[in-house]
Amino acid sequence: MTIRLNALALAGLLGLAGCATGGVWANVPDQSGPDASACRREAENNPRYKLYGEMGGGNAANMEEMRQELLVLLPQLYHACMIRRGAIPPGTPLPPPRVTF
């Protein structure tokens, strides 16, 4: 019984860890540092991103068309912010998209 509960707890933790870098955020680089954190927050607070959340009933990731659009929008917002903050040089191309679930 204890092994089963530990396995369930571990599966839950792994699932939560996957959410931070997967889903609609999968194409946003998983970098650390103050610029990267600020740019992720800026993307989360962007009116276009929030509009998708409102249109999707609070979770646009559940609607496939919106999810595909967010897979493009979020890396663009993040990339533009990183350029504005001087964390990456202007003209740097977006990294190639990752395969997501």
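Does residue 18 satisfy being at pLDDT below 85, under 22 Å from residue 82 (Cβ atoms) and surrounded by 11 or more Cβ atoms within 10 Å (Cβ to Cβ)?
Here the answer is no, as residue 18 does not meet what is asked.
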Does the stretch 40-75 hold any residues that are loosely packed, with under 15 Cβ neighbours inside 10 Å and polar (S, T, N, Q), and which are they?
45, 59, 62, 68
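If you take the residues in the stretch 46-83 that are assigned to a loop (DSSP other than H, G, I, E, B) and at negative phi, which one is modelled with the highest pLDDT? Before the answer, list the steps.
Quick first cut of the stretch 46-83, residues assigned to a loop (DSSP other than H, G, I, E, B) only: 46, 56-59, 63.
Filter again for at negative phi, leaving 46, 56, 59, 63.
Details: 46: 96, 56: 72, 59: 66, 63: 78.
Result: 46.
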Per the filter on the stretch 76-89, residues surrounded by fewer than 18 Cβ atoms within 10 Å (Cβ to Cβ) and in contact with a Cys (Cβ under 8 Å, 6 or more places away or on another chain) are 85, 87
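The values are calculated or read from the model by the stated rules, or taken from the named source; none is laboratory data. Computed from a predicted model, the values in this text were never measured in an experiment. Cβ sites come from the backbone with ideal geometry, for glycine too, and all protein chains shown count toward neighbours.
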